[in-house]
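Asks: Could you have a look at this structure, given as structure tokens, before my questions?
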Amino acid sequence: MGEGGFGTASPEETEAAGAALAALLEPGDTILLFGDLGGGKTTFVRGLVRGLGHPDPREVASPTFAIHHRYEGGRLPVDHLDLYRLEGVEDAMAWQGVLDPLDDPSGISVIEWPERLPWSPEGLALELYLQRGDGEFRRQLRPVFVGDRGDRIAAAWPANVGPD
Ligand SMILES: Nc1ncnc2c1ncn2[C@@H]1O[C@H](COP(=O)(O)OP(=O)(O)OP(=O)(O)O)[C@@H](O)[C@H]1O
Ligand SMILES: [Mg+2]
């Protein structure tokens with residue numbers, strides 16, 4: 001399914017989309033965020049964490065050194081992974097440690113640079129593709145809904161997230 005894509009015209013609008021998606025999420029849902037450097041993936045996660053009621057979503061940043069951040073204190077905990085630095089890592093043991101947070105069925109997992117993943121994660125619900133559009137502040141967001149979890153989100157997406 002490739003329907004439900006829409007554009008944003010500012011970081012705030014991309015954050016708002018993440019916050020709107022948050023309301024549709026259930027424990028164990030996994031979201032993959034594809035797109036170029038500066039595409040708006042972390043901005044979207046900040047909105048999602050805010051939408052879940054985390055006390056300080058400003059903490060959400062593109063992790064410089066850490067690959068994993070966990071945000072607690074909202075409706076559901078969020079494990080945020082950025083796999084950018086793991087290009088070319090094939091050691092299964094190394095991956096096991098990195099991906100351990102994905103085994104927690106009680107929270108949400110959101111993964112930047114999921115192209116690096118050596119296997120498909122549990123609970124996959126949504127792949128979101130973020131692309132730059134015309135002008136500095138424009139981004140295109142295109143969802144691909146996956147499996148039963150994805151069907152649930154797809155049903156509520158047009159009224160809650162986009163397009164308007
Ligand atoms: N419409 C928009 N949506 C999201 N971000 C935008 C938009 N317009 C401008 N920006 C800017 O683009 C940048 C997006 O950065 P962000 O860290 O979210 O990207 P990213 O996809 O996580 O990149 P990386 O792959 O480096 O982690 C921010 O500086 C943000 O202010
Ligand atoms: Mg980022």
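The values are calculated or read from the model by the stated rules, or taken from the named source; none is laboratory data. Computed from a prediction, not measured in an experiment: that's the story for all the values here. Neighbour counts are summed over all protein chains in view; Cβ atoms, including those assigned to glycine, are modelled from backbone coordinates with ideal geometry.
Conditions tested, residue by residue: (1) closer than 26 Å to Glu3 by Cβ; (2) more than 15 Å from ligand 2 (Cβ to nearest atom); (3) touching a residue at least 40 places away in the same chain (Cβ under 8 Å); (4) of a type in the set (Ser, Thr, Tyr).
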{"residue": "Ile67", "(1), (2), (3), (4)": "no, no, no, no"}
{"residue": "Gly97", "(1), (2), (3), (4)": "no, yes, no, no"}
{"residue": "Leu130", "(1), (2), (3), (4)": "yes, no, yes, no"}
{"residue": "Glu136", "(1), (2), (3), (4)": "no, yes, no, no"}
{"residue": "Arg152", "(1), (2), (3), (4)": "yes, yes, yes, no"}
{"residue": "Asn160", "(1), (2), (3), (4)": "yes, yes, yes, no"}
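Asks: Within region 56-64, identify whether any single residue is at pLDDT 90 or above and surrounded by fewer than 22 Cβ atoms within 10 Å (Cβ to Cβ), and answer yes or no. Steps first, please.
Replies: Keep residues of region 56-64 that are at pLDDT 90 or above, which gives none.
No.
Asks: Sort out which residues of region 25-40 are surrounded by fewer than 24 Cβ atoms within 10 Å (Cβ to Cβ), under 13 Å from the mean Cα position of the chain (by Cα) and near ligand 2 (Cβ under 10 Å from one of its atoms), and write them in order of number.
Replies: Matches in region 25-40: Gly35, Gly39.
Asks: Also: Could you check, for region 72-81, whether at least one of its residues is hydrophobic (A, V, I, L, M, F, W, C) and under 29 Å from Gly135 (Cβ atoms)?
Replies: Keep residues of region 72-81 that are hydrophobic (A, V, I, L, M, F, W, C), which gives 76, 78, 81.
This time we only want the ones that are under 29 Å from Gly135 (Cβ atoms), so: none.
No, the conditions are met nowhere in region 72-81.
Asks: Which condition does Glu115 not pass, out of (1) in contact (Cβ under 8 Å) with a residue 60 or more places away in the chain; (2) among the acidic types (Asp, Glu); (3) farther than 22 Å from Leu99 by Cβ, if it passes all the others?
Replies: (3)
Asks: Kindly indicate whether Glu72 is of a type in the set (Asp, Glu), within 15 Å of ligand 2 (Cβ to nearest atom) and either surrounded by fewer than 11 Cβ atoms within 10 Å (Cβ to Cβ) or closer than 24 Å to Ala19 by Cα (or both). Quick ask: steps written out before the conclusion?
Replies: Working: of a type in the set (Asp, Glu): yes; within 15 Å of ligand 2 (Cβ to nearest atom): no; either surrounded by fewer than 11 Cβ atoms within 10 Å (Cβ to Cβ) or closer than 24 Å to Ala19 by Cα (or both): yes.
No, not satisfied.
Asks: Let me ask another. Residue by residue through region 22-52, note down the ones that are of a type in the set (A, V, I, L, M), more than 13 Å from Asp82 (Cα to Cα), within 14 Å of ligand 1 (Cβ to nearest atom) and in contact with a Leu (Cβ under 7 Å, 6 or more places away or on another chain).
Replies: As a first pass, look at region 22-52 and keep what is of a type in the set (A, V, I, L, M): 22-25, 31-33, 37, 45, 48-49, 52.
After this cut, where a residue has to be more than 13 Å from Asp82 (Cα to Cα) as well, the list is 22-25, 48-49, 52.
Subset that is within 14 Å of ligand 1 (Cβ to nearest atom): 48-49.
Of everything in region 22-52, just one residue is of a type in the set (A, V, I, L, M), more than 13 Å from Asp82 (Cα to Cα), within 14 Å of ligand 1 (Cβ to nearest atom) and in contact with a Leu (Cβ under 7 Å, 6 or more places away or on another chain), namely Leu48.
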